[in-house]
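What follows is a set of notes on a single structure, which appears directly below.
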Amino acid sequence: MGVREIQAKSILQKSGLPGADYVINPYTGCVHGCVYCYARFMKRFTNHAEPWGSFLDAKVNAPELLARRLAHRRLPLTDCVLLSSVTDPYQPPEKKYELTRRILEVLARHDAPISILTKSDLVLRDADILARLSDAGVGMSFGVADDAWSLRLEPRASPPSRRLAALRALRDRGIRVNAFVSPFLPGVSDIRQIVDALAGVVDAFAVEAINTQAGTWAATLAVIARRDRSLAKECNRLACDPQYWRALEMQARMLAAQAGMELTGFFHHRDLTGRLNVSPETPKA
């Protein structure tokens, strides 16, 4: 699994995502190896022959590029910068390259509002920068709370137990934290187990249903079937059942209320008519 060093032409992009005005992707590709990854469509823009999940391009000039850009255009204090949208800013090679850390240092000089979404406890390394910002939040993604399932589904991401520990430590430093329960896999993900794990750690979380249209569904089911073939069949059946997702949303809202947390959004990908169905907010770290 190699890392290719590249020179980026631009690094700060306008974002079409709700809750984010700009987005920065310090890397192209991702080596976490999540079998369900929706971002694999990005491969066609990379000139890589390797399978998605087995390569990474490090934009080694990204911090300097950002510094030059901001020297000529100061971000309004209301403009939120998201790290990241189609890669994880805290993949294992970040320990060596420190691109995300150096980007945060640039943004901190402008006190830009920052939102981070990751699956890695490496974000703890940068708690010193985040703690001195006036507006910074860290969101951690969880599809499952079980480390064994995580190892099968997202083999090179931090185990959920370490992600939870990172959120606790960040919160203790006064940094705003939340969770994004994504993707939720029927029969594999356990909403009660996840809410119990998050209780007392975050004040808010959102849930996203697995997207069976993302081109990764067959591979995801194959991984589940290697452990339990009947579970894979049940997961496949429920994933396409709108009534299941509506009932799960009601359960998630009830459990959140009981735990004193806020469910900020529940994301269905298709309703009975085939239309995109989102309810009601997009999470912001």
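The values are calculated or read from the model by the stated rules, or taken from the named source; none is laboratory data. The structure displayed is predicted, hence computed values, not measured ones. Virtual Cβ from ideal backbone geometry, glycine too; neighbours counted across all protein chains shown.
Considering (1) surrounded by 24 or more Cβ atoms within 10 Å (Cβ to Cβ); (2) of a type in the set (A, V, I, L, M, F, W, C); (3) touching a strand residue (DSSP E or B) at 6+ places or on another chain (Cβ under 7 Å), say which one Leu133 fails and leave the rest.
Here Leu133 clears every test but (1).
Hand me the list of strands (runs of 3 or more DSSP E) wholly inside the range 103-216 holding 1 or more residues that are closer than 25 Å to Arg227 by Cβ and modelled with pLDDT of 95 or more.
It comes to 136-142, 176-184, 204-209.
Could you tell me how many of the residues in the range 62-87 are modelled with pLDDT of 95 or more and among the acidic types (Asp, Glu)?
Adding up the residues that qualify gives 1.
Being farther than 27 Å from Tyr90 by Cα, modelled with pLDDT of 95 or more and more than 19 Å from the chain's Cα centre (by Cα) is the requirement here; does Ala259 meet it?
Against the criterion (farther than 27 Å from Tyr90 by Cα, modelled with pLDDT of 95 or more and more than 19 Å from the chain's Cα centre (by Cα)), Ala259 qualifies.
Does the range 142-155 contain any residue that is more than 21 Å from Val60 (Cα to Cα), small (Gly, Ala, Ser) and touching a residue at least 12 places away in the same chain (Cβ under 8 Å)?
Checked against the condition, which is being more than 21 Å from Val60 (Cα to Cα), small (Gly, Ala, Ser) and touching a residue at least 12 places away in the same chain (Cβ under 8 Å), the range 142-155 yields at least one hit.
Looking at (1) more than 28 Å from Pro89 (Cβ to Cβ); (2) free of Cβ contacts under 8 Å to residues at least 24 places away in the same chain, can you tell me which one Asp172 breaks?
Every condition holds for Asp172 apart from (1).
Starting from the range 110-139, keep only residues that are under 19 Å from Glu94 (Cα atoms) and without any contact (Cβ under 8 Å) to a residue 24 or more places away in the chain, then list their pairs with residues that are of a type in the set (Ser, Thr, Tyr) and assigned to a strand (DSSP E or B) whose Cβ atoms are within a distance under 6 Å, requiring at least 6 positions of separation or different chains.
The qualifying pairs do not exist here.
Do the conditions hold for Val195, that is, is it closer than 16 Å to Val35 by Cα and either of a type in the set (Asp, Glu) or touching a residue at least 12 places away in the same chain (Cβ under 8 Å) (or both)?
no
Among (1) within 15 Å of Tyr36 (Cβ to Cβ); (2) touching a residue at least 12 places away in the same chain (Cβ under 8 Å); (3) over 18 Å from the mean Cα position of the chain (by Cα), there is one condition Ile210 misses while meeting the rest; what is its number?
Condition (3) is where Ile210 drops out.
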